[in-house]
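Participant: Before we start, here is the structure in question, set down as structure tokens.
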Amino acid sequence: TWSAVPAGPPDPILGITEAFKADTDSRKINLGVGAYRDENGKPYVLNAVKKAEEIITAAKLDKEYLPITGLAGFTKNAAKLAYGADSPPLNQNAIAVTQSISGTGALRIGGAFLARHYPNPKIIYLPTPTWGNHIPLFKDSGLEVRNYRYFDRKTVGLDFDGLKEDLKNAPEGAIVLLHACAHNPTGVDPTQAQWAEISDLVAEKRLFPFFDMAYQGFASGDTARDAYAVRHFVSQGHQVALCQSFAKNMGLYGERVGAFSLTTKDEEERKRVDSQLKIIVRPMYSNPPLHGAHIANTILSNTELYQEWEGEVKGMANRIISMRERLYELLTNGYQTPGEWGHIKSQIGMFSFTGLKTEQCKALAEKAHIYMTMDGRISMAGLNGSNVEYFAQGVDAAVRG
Ligand code: LMR
């Protein structure tokens with residue numbers, strides 16, 4: 001039956017973890033997937049999460065199905081975290097939210113909703129580069145995928161002129177995907193002034209802003225600051241779509257906790273949109289999982305745990321920043337590796353887009369047991385005091401060829 005099914009390639013990100021696991025060298029380092037590691041290179045379960053789980057266990061909750069759009073307390077609090085407690089659409093009950101299978105699930109629900117109901121061209125513009133999964137995800141959702149310029153390899157920064165030109169040339173009413181903060185894979189974000197210009201341009205061309213916010217808190221260590229772009233667009237009168245993930249900022253990776261939301265005109269419109277979100281979710285997976293949503297909701301609704309969580313997000317962001325500084329020092333002053341490495345420090349969030357070429361990335365895996373994605377992206381969180389020197393040495397050797 002399946003004789004004509006061709007073998008597919010491994011996933012460009014998750015396939016790296018498979019290769020890493022198969023490597024038996026004790027010096028091996030996995031900088032592929034964006035998953036936080038502590039100073040000892042170990043996965044980190046946040047204290048706020050552990051305490052929330054104790055509260056949940058003590059409450060002896062049942063295991064009944066959640067509603068189709070998920071745990072009501074969780075979706076309300078997730079929207080509050082993203083849009084801000086004083087957000088007008090939030091307070092007017094004009095935000096349709098559904099719980100999702102983390103960020104990917106949110107993107108997929110959003111893609112499906114737009115493919116079915118968006119009244120304008122069903123074309124989505126993605127930045128170049130973008131998270132690899134965005135491309136198949138939106139194609140499989142039934143949208144036409146196009147690109148806008150984002151990253152300038154020469155300046156190792158934002159190609160703001162290219163971005164504006166491409167959005168200006170987009171058909172009126174097209175959808176534009178924006179990474180709300182901590183752009184994946186480049187670690188390069190627009191400034192607040194540039195966000196204001198993008199917002200104006202989006203209004204002028206009547207584009208539809210679709211935000212992916214997978215790293216709220218990871219860019220600056222401050223969840224409100226990282227929500228700036230989303231809140232600014234809403235304050236300018238845009239209706240937005242928003243995908244949230246609690247994988248990174250609460251370390252709830254495998255629990256698959258996220259949310260998809262759409263701001264609407266008013267409560268009546270919100271109710272209609274809500275009903276259609278249910279119609280999309282029900283034949284996909286009926287209703288979302290319970291446990292992770294309870295964890296996130298317990299943290300978001302308990303002042304003490306919330307504060308502890310905010311401190312831990314800051315702690316993770318700061319450890320990453322200290323690794324950026326250490327790596328920069330080692331490459332510039334330590335090994336005096338040819339090239340300019342300032343971007344390691346200026347980029348933000350979980351990733352650094354090193355500028356290493358595919359051949360150099362391959363050499364690092366083969367010769368030094370260091371794994372990263374072939375576009376030269378490294379997860380900074382995989383570095384720590386014990387392996388950063390070995391990594392810098394490997395990069396130095398790869399650059400010198
Ligand atoms: C990443 O970019 O590494 C993360 O978003 C994890 C993933 O699912 O790819």
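Participant: Within the group GLU64, GLU54, GLU18, which residue is surrounded by fewer than 21 Cβ atoms within 10 Å (Cβ to Cβ), modelled with pLDDT of 95 or more and in a helix (DSSP H, G or I)?
Facilitator: GLU54
Participant: Continuing with this model, one more query. Against the definition (of a type outside the set (Lys, Arg), touching a helix residue (DSSP H, G or I) at 6+ places or on another chain (Cβ under 9 Å), within 16 Å of the ligand (Cβ to nearest atom) and touching a residue at least 24 places away in the same chain (Cβ under 8 Å)), how does ALA247 come out, yes or no?
Facilitator: When the stated conditions are applied, ALA247 passes them.
Participant: If I ask for residues that are away from the ligand (no atom under 13 Å from the Cβ), buried (at least 18 other Cβ atoms within 10 Å of the Cβ) and hydroxyl-bearing (Ser, Thr, Tyr), which ones from the stretch 349-369 would you list?
Facilitator: THR354
Participant: Could you grab the pairs with beta carbons closer than 9 Å, sequence gap of 6+ or different chains, first residue in the stretch 357-376 and under 11 Å from LEU31 (Cα atoms), second one more than 16 Å from the ligand (Cβ to nearest atom) and among the acidic types (Asp, Glu)?
Facilitator: Filtered contacts from the stretch 357-376: ALA365/ASP23; HIS369/ASP23; HIS369/ASP25; TYR371/ASP23.
Participant: Does the stretch 31-49 hold any residues that are within 16 Å of the ligand (Cβ to nearest atom) and open to solvent by less than 10 Å² (accessible area, probe 1.4 Å), and which are they?
Facilitator: Residues satisfying the conditions are LEU31, GLY32, GLY34.
Participant: Based on what the data block shows, is GLY254 open to solvent by 10 Å² or more (accessible area, probe 1.4 Å), within 16 Å of the ligand (Cβ to nearest atom) and not aliphatic (A, V, I, L, M)?
Facilitator: yes
Participant: Filtering the stretch 95-121 down to residues that are touching a Pro at 6+ places or on another chain (Cβ under 8 Å) and of a type in the set (A, V, I, L, M), which residue is farthest from MET284 (Cα to Cα)?
Facilitator: ILE95
Participant: If you check MET284 against the conditions, is it in a helix (DSSP H, G or I) and within 16 Å of the ligand (Cβ to nearest atom)?
Facilitator: So MET284 does not fit the description; no.
Participant: A further question on this structure: Check SER26, SER100 and return the single one that is of a type in the set (S, T, N, Q) and open to solvent by less than 20 Å² (accessible area, probe 1.4 Å).
Facilitator: SER100
The rows are residues; the columns are (1) modelled with pLDDT of 95 or more; (2) away from the ligand (no atom under 12 Å from the Cβ).
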site	(1), (2)
ILE101	yes, no
ILE109	yes, yes
PHE113	yes, yes
HIS117	yes, yes
ASN120	no, yes
LEU126	yes, yes
PRO129	yes, no
ASN133	yes, no
LYS139	yes, yes
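Participant: Which one of the conditions (1) at pLDDT 95 or above; (2) touching a Phe, Trp or Tyr at 6+ places or on another chain (Cβ under 8 Å); (3) within 15 Å of the ligand (Cβ to nearest atom) does MET372 fail to meet, given that it meets all the rest?
Facilitator: The number of the failed condition is (2).
Participant: Mind checking whether some residue in the stretch 323-346 is open to solvent by less than 40 Å² (accessible area, probe 1.4 Å), in contact (Cβ under 8 Å) with a residue 24 or more places away in the chain and within 16 Å of the ligand (Cβ to nearest atom)?
Facilitator: Taking every residue of the stretch 323-346 in turn, none turns out to be open to solvent by less than 40 Å² (accessible area, probe 1.4 Å), in contact (Cβ under 8 Å) with a residue 24 or more places away in the chain and within 16 Å of the ligand (Cβ to nearest atom).
Participant: I'd like to check something: does the stretch 159-175 contain any residue that is at pLDDT 95 or above, over 23 Å from ILE109 (Cα atoms), open to solvent by 20 Å² or more (accessible area, probe 1.4 Å) and within 16 Å of the ligand (Cβ to nearest atom)? Give the derivation first.
Facilitator: Just the residues of the stretch 159-175 that are at pLDDT 95 or above, to begin with: 159-175.
Applying the additional criterion that residues be over 23 Å from ILE109 (Cα atoms) yields 159-172.
Now restrict to residues that are open to solvent by 20 Å² or more (accessible area, probe 1.4 Å): 159-161, 164-166, 168-169, 171-172.
Still in the list and also within 16 Å of the ligand (Cβ to nearest atom): none.
The answer is no, given that none of the residues of the stretch 159-175 is at pLDDT 95 or above, over 23 Å from ILE109 (Cα atoms), open to solvent by 20 Å² or more (accessible area, probe 1.4 Å) and within 16 Å of the ligand (Cβ to nearest atom).
Participant: Continuing with this model, one more query. For the subset of the stretch 117-144 comprising residues that are touching a helix residue (DSSP H, G or I) at 6+ places or on another chain (Cβ under 7 Å) and open to solvent by 20 Å² or more (accessible area, probe 1.4 Å), which member is nearest to ALA293 (Cα to Cα)?
Facilitator: ASN133
Participant: Looking at the stretch 322-401, what helices (runs of 4 or more DSSP H) fall wholly within it and have at least 3 residues that are over 25 Å from LYS248 (Cβ atoms) and not charged (D, E, K, R)?
Facilitator: The helices (runs of 4 or more DSSP H) meeting that bar are 358-368, 388-400.
The values are calculated or read from the model by the stated rules, or taken from the named source; none is laboratory data. Note that the structure is predicted; figures quoted are calculated from it, not measured. Every residue, glycine among them, receives a Cβ derived from its backbone with ideal geometry; neighbour counts consider all protein chains shown. We work out accessible area using only protein heavy atoms, side chains counted, and drop any ligands, DNA or RNA first. Shrake-Rupley method; radii C 1.70, N 1.55, O 1.52, S 1.80 Å.
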